[in-house]
Structures are given as C-alpha cells and as structure tokens.
C-alpha cells in the first residue's frame, strides 16, 4: 500500500493488514476501474472532478447492488470494454446500501475478473482537519446525526479500517492543495492520452462587456485603430489589409513579444497547479479589428511553443455603437 500526504498514525495491526495490499499495488499503468472511498469530508468530490479532467468517466454514490451491472467482472467483458474510458467510482458511508463487507466482496469480484485492472484509492484526513471542515461548511457528518462530529469521525474511522488496509493507495488530504492533489492522482492514475492544459484565446469588445470566463484580460486599444480608415472599417482583423495596418503600428511587435514572453512561462505553472482550462481575453473598443488580429497572433505564438490553444472571436460579427474620437 502506498501512502501520500502527512503521516497517518496507525497501529501495528494496520501496518500488518496493509502488507498484502502493498503486493497488489500497481504504478505502471492506469486501471480499468478505480474505486474511490475514504473518510467523509476527505475530498472525494474533488478527486472525482480531477479524474474527470484526466479522462475518466466518474460515477458517485452508485449503490453496491448495481455495481455488477456497470462493471461486469468477467475477463471477456473487461476485454470488450477495453476501448471505453476508464471508470472512477466513488463510494462511502453515504452511499445507499453501503456495507464494508459488501464493498470488500465487490472488490474481490472485480479483481478476480480483471487482475491488475481494478485499484482501490482510500482518502484519509487528520481528525482535527475533518472537524474543522465540517464546522466551517456547517455540514452534518453522516454518522453523527445526534452526536458530536468527533464521534461520527471516530465511528467512521473504525468502520472503514478494513477498506483502508485493503487500499492500493492511501492519500492523506490534510493540508493538501488542489494542485498537489492533482499531481498525485496524475502520477498514479494518469492516462497515456491525458489532455494538456486547454487554452482559449477570446477577442471581444469592451463596449459589449468582459468575457465572463476570462482568467486573464489584455487591452489593445492603444494600437492604431483601423476603424478610422474608410477602406478598412467594414473589414475585420481576419483580413490581410487590416493585419498589415495594425502591424505597421510601432508598438505592435514589442507588445506581442512581451505578451508571449509573459504568458508562455505561466502556462506550465497553471497546469502544475491543477488548472485544466485557461481563457485569455484580448479586447478593443469594437471587438472586430485590433483584438481579433492580436488574438490570432497570440494563438499562433502559443501554439508554436507547443501548447494546445483555440481561438474564438466573440464580437467579430456584432456591431456596437459608433466609435467616438480618441477611442
């Protein structure tokens, strides 16, 4: 059994019970089925969302009585579904008909039908931090309806001990940020074709409002405005003549170089912190000339650096009110 995160205090019996799980641990390939369980409040929802970003199909709180219908255990069925997305299945004491003994039997069934294709991830957390999380969110612990939260946590820990001992990997989420959690999950359960950070560059008109999804916004209204050239007014930044007009602005190239040098090194850092999507907004007054061309150039630059980038021109076909002098 492999453990990550702050050290977990366990007795000698736990270490002995975990020795068999160590023999089952696999770190060389992603599983066909990943079962996620653990302490309530330890972060199962965040883990399932992260696994979705990594390419898994996630299902939470599936009753154990229905598990055999979703995941047949026969080798033939496993082979037939080998091209499907791997499954991440969440279950804990809040799951209908959840019993530790039944969960262990289902794990045995799945492992027997697909040796090495099924793994169990147990999420743990320090008792004090679990109490703090329940206090801050004002959620009720599922096993402490009429008792203090601490009693529910203690009871749950005793009930789940056999699953923790059986787990292939234990992740202690005490003080663990989302970025660190994603790195742990990716290193052990990442898929060979896992998606990279997806970057979207969006041009827009300031007059029509900022893109709600934008993480970074850049204003290019300082560049020469083709709107004032009657020949270019009805064209867009996708037209070569407009592009040439903007490129002649002596401030254009230094700005694009600086922008590329700024954003390029940031993207791997965003990915390392667990971000799956990043939207960069580039705005001008009307959203049809300068922002469109700069967004095109920035997209090409970032793609040249090896990033997955898509471009969208939100307002290129929309008309705003006439541009006032000096804008």
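The values are calculated or read from the model by the stated rules, or taken from the named source; none is laboratory data. Small disclaimer: the values here were computed from a predicted structure and weren't measured. A quick note on method: Cβ atoms are made from the backbone with ideal geometry, for glycine too, and the neighbour counts reach across all protein chains shown.
Just one of the listed residues (297, 316, 292, 311) is closer than 13 Å to residue 237 by Cβ and part of a strand (DSSP E or B), and it is 311. Considering 157, 183, 164, the condition of being outside any loop (DSSP other than H, G, I, E, B), closer than 18 Å to residue 43 by Cβ, in contact with a strand residue (DSSP E or B) (Cβ under 6 Å, 6 or more places away or on another chain) and assigned by TED's automatic domain parsing to the domain that holds residue 141 is satisfied by 164 alone.
Residues of the stretch 34-61 that are modelled with pLDDT under 90 and farther than 17 Å from residue 99 by Cβ: 53, 54, 55. Can you find even one residue in the stretch 197-206 that is in contact with a strand residue (DSSP E or B) (Cβ under 9 Å, 6 or more places away or on another chain), outside any loop (DSSP other than H, G, I, E, B) and closer than 30 Å to residue 42 by Cβ? The answer is yes; a qualifying residue exists. Here the stretch 62-85 is the region considered, the condition is being in contact with a strand residue (DSSP E or B) (Cβ under 7 Å, 6 or more places away or on another chain) and under 20 Å from residue 166 (Cβ atoms), and the residue that is modelled with the highest pLDDT is 62. Based on what the data block shows, is residue 282 more than 18 Å from residue 247 (Cα to Cα), touching a helix residue (DSSP H, G or I) at 6+ places or on another chain (Cβ under 6 Å), assigned by TED's automatic domain parsing to the domain that holds residue 229 and buried (at least 21 other Cβ atoms within 10 Å of the Cβ)? Spelling it out, it is not the case that residue 282 is more than 18 Å from residue 247 (Cα to Cα), touching a helix residue (DSSP H, G or I) at 6+ places or on another chain (Cβ under 6 Å), assigned by TED's automatic domain parsing to the domain that holds residue 229 and buried (at least 21 other Cβ atoms within 10 Å of the Cβ).
For the stretch 264-282, how many residues meet the condition of being without any contact (Cβ under 8 Å) to a residue 40 or more places away in the chain and within 12 Å of residue 309 (Cα to Cα)? Counting residues in the stretch 264-282 that are without any contact (Cβ under 8 Å) to a residue 40 or more places away in the chain and within 12 Å of residue 309 (Cα to Cα) gives 0.
Inspect all residues belonging to the stretch 278-292 and state whether any of them is farther than 30 Å from residue 231 by Cα and modelled with pLDDT under 95. Yes: one or more hits.
Apart from one condition, residue 232 fits all of (1) assigned to a loop (DSSP other than H, G, I, E, B); (2) surrounded by fewer than 17 Cβ atoms within 10 Å (Cβ to Cβ); the exception is (2). Residue selection: residue 213 satisfies the criterion of being assigned by TED's automatic domain parsing to the domain that holds residue 304, out of contact with any helix residue (DSSP H, G or I) (no Cβ under 8 Å at 6 or more places or on another chain) and surrounded by fewer than 19 Cβ atoms within 10 Å (Cβ to Cβ).
Per the conditions (1) surrounded by 14 or more Cβ atoms within 10 Å (Cβ to Cβ); (2) farther than 30 Å from residue 86 by Cα; (3) free of Cβ contacts under 8 Å to residues at least 40 places away in the same chain, the sole criterion not satisfied by residue 303 is (2).
Within the stretch 105-140, if we keep just the residues that are in a loop (DSSP other than H, G, I, E, B) and more than 26 Å from the chain's Cα centre (by Cα), the residue that is surrounded by the most Cβ atoms within 10 Å (Cβ to Cβ) turns out to be 114. Scanning the stretch 269-289 for residues being assigned to a helix (DSSP H, G or I) and touching a strand residue (DSSP E or B) at 6+ places or on another chain (Cβ under 9 Å) gives a total of 2.
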